[in-house]
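Below is one structure, written out as structure tokens; the observations come after it.
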Amino acid sequence: MALTKRVIVCLDVRAGQVTKGVRFQGNVDLGDPVDFARRYYQQGVDELVFYDITASAEQRDLFVDVVARVAEAIFIPFSVGGGIRSVEQMRAVLLAGAEKVSVNSPAVRDPSLITAGARAFGSQCVVLGVDAKRVEVSPSIPSGYEVWIDGGRTATGRDALAWAREAESLGAGEICLNAIDTDGVRDGYELTLTRMIADAVGIPVIASGGGGVPQHLVEAVSRGGADAALIASMVHSGEYSVDQIKAHMREQGVAVR
């Protein structure tokens, strides 16, 4: 039997509120994270991801209180990211009820964070978040995709493909791959980038950035080779529900949970 594909809803959190922007700009606050979590859980989402989107840029710890409230309200896996810089912070998030931690900017600055987290809690608990942007192919960025950090504010000069492979070797159990060029635009995922990373690593890849209609998720997992597709705007707007999206994927022959 084919492995089932997952539908994951992303909740960006800023100052305790769910927020959404386009290409990391112009964020609008939408409401309480626990209310959103409960809604998507009831609609049949497979997993949720919470990002404290300003924790890294503001150099502060993330919202463990919100994590605990979410864990009381839903009974599906969820991961938490944003500003996690130590094994102690990972432990606090996991003890509060999250199944996984997502590391992004701090892991680029200190890759040993990935290994330390995998050793302490197992690779399955460590998700690498990658924000990548298309750039000119160069000797330092042969894939044509550069890693950006701090919520898309800082270029790193790192090649996204090389970083994905390195992170896998360091112990990351999953990669959430966000294409900055398509983030929040709702015109479809960046399939070239997604396929490139999915083919290069042996761990699951989550396609993120660009989902606008259910067919985009079908393309992400079929043409893009992703194991899961992350959505936000298309469900936050109320235009689609998770169960509607999954029904469309099944109609198109995609095995979903």
Report summary line: Considering residues that are in contact with a helix residue (DSSP H, G or I) (Cβ under 7 Å, 6 or more places away or on another chain) and surrounded by fewer than 18 Cβ atoms within 10 Å (Cβ to Cβ), the number found within region 216-230 is 2
Query raised in the report: Looking at ASP181, is it surrounded by fewer than 19 Cβ atoms within 10 Å (Cβ to Cβ), under 17 Å from the mean Cα position of the chain (by Cα) and part of a helix (DSSP H, G or I)?
Result: yes
Query raised in the report: In region 179-209, what residues are hydroxyl-bearing (Ser, Thr, Tyr) and within 12 Å of ALA229 (Cα to Cα)?
Result: TYR189, THR194, SER208
Requested in this report: Specify which of the listed residues (VAL93, VAL87, VAL108) is touching a residue at least 12 places away in the same chain (Cβ under 8 Å), under 29 Å from ASP243 (Cα atoms) and of a type in the set (A, V, I, L, M).
Outcome: VAL93
Report task. Being in contact with a strand residue (DSSP E or B) (Cβ under 8 Å, 6 or more places away or on another chain), free of Cβ contacts under 8 Å to residues at least 40 places away in the same chain and over 18 Å from SER102 (Cβ atoms) is the filter here, so list the residues in region 113-153 that pass it. Result -> VAL135, SER140, ILE141, PRO142, GLY144, GLU146
Report summary line: All conditions in (1) part of a helix (DSSP H, G or I); (2) touching a Lys or Arg at 6+ places or on another chain (Cβ under 8 Å); (3) surrounded by 18 or more Cβ atoms within 10 Å (Cβ to Cβ) are true of ALA167 except (2)
Query raised in the report: What helices (runs of 4 or more DSSP H), lying completely within region 59-128, carry at least 3 residues that are closer than 19 Å to SER208 by Cβ?
Result: 105-109
Report summary line: Per the filter on region 17-34, residues outside any strand (DSSP E or B) and modelled with pLDDT of 80 or more are ASP32, PRO33, VAL34
Query raised in the report: Tally time: how many residues in region 231-254 are part of a helix (DSSP H, G or I) and either of a type outside the set (Lys, Arg) or buried (at least 20 other Cβ atoms within 10 Å of the Cβ) (or both)?
Result: 13
Query raised in the report: polar (S, T, N, Q), on the phi < 0 side of the Ramachandran plot and surrounded by fewer than 21 Cβ atoms within 10 Å (Cβ to Cβ) - does that describe any residue in region 96-113?
Result: yes
Query raised in the report: Among ALA172, ALA160, which is farther than 24 Å from GLY211 by Cα, aliphatic (A, V, I, L, M) and crowded, with 17+ Cβ neighbours inside 10 Å?
Result: ALA172
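The values are calculated or read from the model by the stated rules, or taken from the named source; none is laboratory data. Given the structure is predicted, the values throughout are model-derived calculations rather than measurements. Here Cβ is always computed from backbone atoms with ideal geometry, including for glycine, and neighbour counts include all displayed protein chains.
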